[in-house]
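Take a look at the structure set out below.
The values are calculated or read from the model by the stated rules, or taken from the named source; none is laboratory data. The model shown is predicted, which means the values in this text are computed figures rather than measured ones. Note: ideal-geometry Cβ built from the backbone for every residue, glycine included; neighbour counts use all protein chains shown.
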Amino acid sequence: DLLKERISVYDWLFAQAPHETVGTIRGLLGQVLFTGDDVKKSVTALSGGESARLLFARMMLEKGNVLVLDEPTNHMDLEGVEALADALQEFEGTVIVVSHDRHFVSKVATHILELTPTGARDYSGPYQEYLERFGDDYLNRDSASLHDQKPSQTQRESTQKTKSRISHQERKLQKQRINQLQRTVEQLEREIAKNEDQLQNIEENFGKEGYFQSTDPMEIKKLQVEQESVQKMLSQHLQNWEATSLELEKLL
């Protein structure tokens with residue numbers, strides 16, 4: 001019922017919190033995999049998984065302390081599940097989730113409450129540790145137990161060596177790049193806000209009663225040219241913001 005309006009994904013989310021900046025709205029949509037022209041898609045044309053991702057973006061926008069999710073990965077493709085898991089890992093509040101998705105639970109859960117025919121089993125720790133202690137993987141009965149899937153000592157050593165290859169200099173360069181990208185994102189958000197204010201002022205002039213009858217045609221033409229120019233700048237700034245934000249997200 002919440003997604004019956006014939007408006008775009010971006011407009012729908014912005015309407016939930018019109019006080020938020022363009023950068024915040026775009027950032028949330030990017031977190032749940034609405035990028036590029038996806039944000040222009042009508043909410044009435046979204047699939048079940050896309051609708052779930054958009055509603056989750058709204059929940060993050062509301063900045064609640066507790067989220068209660070019942071089988072949130074239903075109807076989602078793998079990419080959507082990954083995006084949801086990543087977003088939940090960044091959520092600072094408490095998440096109570098019911099799920100039979102082993103991969104999803106492994107990524108997000110830090111406390112397990114399993115309901116069995118003989119009662120509840122409460123374990124404080126991630127799902128992988130839970131399996132190491134109790135054995136069977138009830139979220140995926142067709143898979144072998146975790147005891148048969150533990151990485152070997154050689155595999156663990158190989159992973160550790162790979163991590164250690166990142167030199168101090170590389171980490172320093174990466175940090176510098178992150179700082180540079182963060183400054184660029186902030187600057188672009190200021191430019192986007194400025195462009196939106198300019199367009200709003202122009203539209204307010206056009207909307208004044210009798211404006212076109214009482215204003216010199218050359219002045220009207222000048223304002224129309226300015227409007228087109230600002231719209232192009234805004235579009236370019238939004239594209240640059242999205243590309244920069246995606247690069248920054250990969251480094252963080």
Exercise. Return yes or no: is residue 156 at pLDDT below 80, of a type in the set (Lys, Arg), surrounded by 10 or more Cβ atoms within 10 Å (Cβ to Cβ) and not assigned by TED's automatic domain parsing to the domain that holds residue 14?
Key: yes
Quiz item: Could we say that residue 132 is at pLDDT below 70, outside any loop (DSSP other than H, G, I, E, B), among the charged types (D, E, K, R) and surrounded by 11 or more Cβ atoms within 10 Å (Cβ to Cβ) here?
Solution: no
Self-check item: Options 183, 177; residue that is without any contact (Cβ under 8 Å) to a residue 24 or more places away in the chain and assigned to a helix (DSSP H, G or I)
Solution: 183
Exercise. Would you please list the contacts, defined by Cβ atoms under 6 Å and residues six or more apart or on different chains, that run from a residue in region 204-219 that is exposed (fewer than 10 other Cβ atoms within 10 Å of the Cβ) to a residue that is small (Gly, Ala, Ser)?
Key: none
Quiz item: Can you name the number of the only condition in (1) modelled with pLDDT under 80; (2) more than 26 Å from residue 195 (Cα to Cα) that residue 18 fails?
Solution: (2)
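Which of the residues that make up region 201-244 are acidic (Asp, Glu) and touching a helix residue (DSSP H, G or I) at 6+ places or on another chain (Cβ under 7 Å)?
226, 242
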Exercise. Please find, among 69, 61, 115, the residue that is out of contact with any Ser or Thr (no Cβ under 7 Å at 6 or more places or on another chain), surrounded by 13 or more Cβ atoms within 10 Å (Cβ to Cβ) and not in a helix (DSSP H, G or I).
Key: 69
Self-check item: Lone unmet requirement of (1) surrounded by 15 or more Cβ atoms within 10 Å (Cβ to Cβ); (2) among the charged types (D, E, K, R); (3) touching a residue at least 40 places away in the same chain (Cβ under 8 Å) for residue 79
Solution: (1)
Practice problem: Could you tell me which of the residues 56, 14 is in contact (Cβ under 8 Å) with a residue 24 or more places away in the chain, outside any strand (DSSP E or B) and either out of contact with any His (no Cβ under 6 Å at 6 or more places or on another chain) or closer than 18 Å to residue 84 by Cβ (or both)? | Solution: 56
Quiz prompt | Complete set of residues in region 27-52 that are surrounded by 17 or more Cβ atoms within 10 Å (Cβ to Cβ) and either touching a Cys at 6+ places or on another chain (Cβ under 7 Å) or under 24 Å from residue 188 (Cβ atoms) (or both) | solution = 27, 28, 29, 30, 31, 32, 33, 34, 39
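Residue by residue, here is whether (1) modelled with pLDDT of 90 or more; (2) under 21 Å from the mean Cα position of the chain (by Cα); (3) more than 24 Å from residue 38 (Cα to Cα); (4) not assigned by TED's automatic domain parsing to the domain that holds residue 37 holds:
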| residue | (1), (2), (3), (4) |
| --- | --- |
| 185 | no, yes, no, yes |
| 209 | no, no, yes, yes |
| 219 | yes, no, yes, yes |
| 224 | yes, no, yes, yes |
| 230 | yes, no, no, yes |
| 239 | no, yes, no, yes |
| 242 | no, yes, no, yes |
